[in-house]
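Here the structure is laid out as structure tokens; the discussion comes afterwards.
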Amino acid sequence: MSIPDYQSLLLPLLGFAADGKEHSLREAVDLLAQRFDLTPDERRELLPSGQQEVFNNRVAWASTYLRKAVLLESTRRGYFRITARGVSVLGESPTTLDARYLERFSEFREFRSRKVKKETQEVPETPVCEDTTPQEALEDAYQRLREDLAAEILQQVKTASARLFEKLVVELLVKMGYGGSRRDAGKAVGGTGDEGIDGIIKEDHLGLDNIYIQAKRWENNVGRPEVQKFAGALQGQRARKGVMITTSSFSGEALDFVSHIESRIILIDGKQLAQYMIDFNLGVGLVAAYEVKKVDSDYFLDE
């Protein structure tokens, strides 16, 4: 069974609280996971940000919506109990419970009708028939923006000059913590051009070890023969570590090859390169930043 959307969790969650006792959200998550026969992998599936499990997030939002409709009430941090209204709703024996059903309650309508204003423009409220939680919708939108940006970055890299590509590789590795200073790294890269090695960069600021680099602005897939040549060049230099970067991709045979050799070679394809450039703010600029906050329940506890 796939992970249920938050609306599918509303009625089971309310029914779980039907005994009138105080329950914890953690307890509800575990019980509902059993009810929907979720596998361990489904329980561990994360939101795009990697900060929270999808199922936990959906149970939490189901709890929020039920509380906004005053069918549940918070008793203390992470705990809830059914209300008289919640008991009344269960008494109607509804077959389903969704956001549209909750619209009958004024408190929930007020909650859903809030609009976010940016200057003088209003952003319309999210449709009540949605299956994703607001946090999921936000993270999905962010992920789409990031993927579009990565594709645009990769296209720019492919059309850039060889000199700019070399500079880009150096600056990225420095931002990732390699190469010591930008000045030191710049002297190293591009200095060899020998036996399939395009450059050498320090592994750390002290220069305790070197990393050998090969950068390929290719459109075609990079296969095992090219990677094998690079591995041979490393052996010729008595080197143990190398990074091979391409604007295209690596074949399955190439990926398998580097996993079975003594030298440590990291393969970075075009998609990974673009993602790293986003992560380390290379060739991109900040347009806007949004913070997602939640209530600090501890602050409101009496001392």
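Quick notes
- First in region 90-110 and more than 16 Å from L72 (Cα to Cα), second anywhere and of a type in the set (V, I, T) and open to solvent by less than 90 Å² (accessible area, probe 1.4 Å), Cβ under 7 Å, 6 or more apart: R100/V128
- Top-ranked residue in region 173-199 [being modelled with pLDDT of 80 or more and under 24 Å from I261 (Cβ atoms); ranked as least open to solvent (accessible area, probe 1.4 Å)]: L173
- Residue that is most open to solvent (accessible area, probe 1.4 Å) [pool: residues in region 264-288 that are part of a loop (DSSP other than H, G, I, E, B) and under 25 Å from N220 (Cα atoms)]: G283
- The single condition among (1) in a helix (DSSP H, G or I); (2) open to solvent by 90 Å² or more (accessible area, probe 1.4 Å) that E291 does not meet is (1).
- Residues located in region 209-257, provided they are touching a residue at least 60 places away in the same chain (Cβ under 8 Å) and hydrophobic (A, V, I, L, M, F, W, C): V243, I245
- Of all residues making up region 82-94, the number that are open to solvent by 30 Å² or more (accessible area, probe 1.4 Å) and either among the small types (G, A, S) or within 33 Å of the chain's Cα centre (by Cα) (or both): 4
- Top-ranked residue of region 2-36 - restricted to ones that are exposed (fewer than 14 other Cβ atoms within 10 Å of the Cβ) and polar (S, T, N, Q), ranked as nearest to the chain's Cα centre (by Cα): S2
- Members of region 206-253 that are farther than 25 Å from Q275 by Cβ and either hydroxyl-bearing (S, T, Y) or in a loop (DSSP other than H, G, I, E, B) (or both): L206, G207, L208, D209, Q237, R238, A239, R240
- Within region 37-53, being crowded, with 16+ Cβ neighbours inside 10 Å and either touching a Leu at 6+ places or on another chain (Cβ under 6 Å) or not in a helix (DSSP H, G or I) (or both) holds for L38, L47, E53.
The values are calculated or read from the model by the stated rules, or taken from the named source; none is laboratory data. All values derive from a computational prediction rather than experimental measurement. Please note: Cβ atoms are built from the backbone with ideal geometry, for glycine as well, and neighbour counts cover all protein chains shown. The area values use the complete protein model at the heavy-atom level, side chains included, leaving out ligands, DNA and RNA. Shrake-Rupley method; radii C 1.70, N 1.55, O 1.52, S 1.80 Å.
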